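The values are calculated or read from the model by the stated rules, or taken from the named source; none is laboratory data. These numbers come from a predicted model, not from an experiment. Virtual Cβ from ideal backbone geometry, glycine too; neighbours counted across all protein chains shown. Just the protein is used for accessible areas: all its heavy atoms, side chains included, with ligands, DNA and RNA removed. Shrake-Rupley method; radii C 1.70, N 1.55, O 1.52, S 1.80 Å.
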Amino acid sequence: QVQLVESGGGLVQAGGSLRLSCGASGSLTAMGWYRQFPGKERELIAGITRGGSTKYADSVKGRFTISQDNAKNTVYLQMNSLSPSDTAVYYCAGELDYGSGHETYWGQGTQVTVSS
């Protein structure tokens, strides 16, 4: 069982920046950040493999950057040019692949609120 602990959410004004962090208790195959709007399903906004390959949702491309420190099993999400439409609960997720399948782990979620 891998535990994920997030930090860095909060309140920021439109146009501002926030940096989210997510530390894992063990090594994972890939990690990512999801967000969830009220009444909606979680959506993947950024992902990174242990080898460093990244992907982004169109809604955040060019504004958000995912990075990692493999030695610390930690992933970061740098969020710039935030707008009120980015207000959501942000979740860290980690995936562990093994021969017969994979396991997905979730952080507890952190609220990001962008004021206009």
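Among the residues of this structure, residue 47 counts as one that is touching a residue at least 12 places away in the same chain (Cβ under 8 Å) and crowded, with 18+ Cβ neighbours inside 10 Å. Exactly one residue among 113, 65 is of a type in the set (Ser, Thr, Tyr), without any contact (Cβ under 8 Å) to a residue 60 or more places away in the chain and part of a strand (DSSP E or B), and that residue is 65.
Please work out if residue 25 is closer than 18 Å to residue 108 by Cβ, more than 11 Å from the chain's Cα centre (by Cα) and either surrounded by fewer than 16 Cβ atoms within 10 Å (Cβ to Cβ) or of a type in the set (Lys, Arg) (or both). So residue 25 passes the test. Of all residues in segment 1-26, those satisfying the criterion of being touching a residue at least 60 places away in the same chain (Cβ under 8 Å) and of a type in the set (Ser, Thr, Tyr) are 7, 17.
Each row is one residue, and each column tells you yes or no for (1) open to solvent by 70 Å² or more (accessible area, probe 1.4 Å); (2) modelled with pLDDT under 95; (3) touching a Lys or Arg at 6+ places or on another chain (Cβ under 6 Å).
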residue: 55; (1), (2), (3): yes, no, no
residue: 60; (1), (2), (3): no, no, no
residue: 66; (1), (2), (3): no, no, no
residue: 82; (1), (2), (3): no, no, no
residue: 89; (1), (2), (3): no, no, no
residue: 93; (1), (2), (3): no, no, no
residue: 100; (1), (2), (3): yes, yes, no
residue: 109; (1), (2), (3): no, no, no
residue: 114; (1), (2), (3): no, no, no
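Every condition in (1) in a loop (DSSP other than H, G, I, E, B); (2) open to solvent by less than 50 Å² (accessible area, probe 1.4 Å) is met by residue 76 except one, and the failing one is (1).
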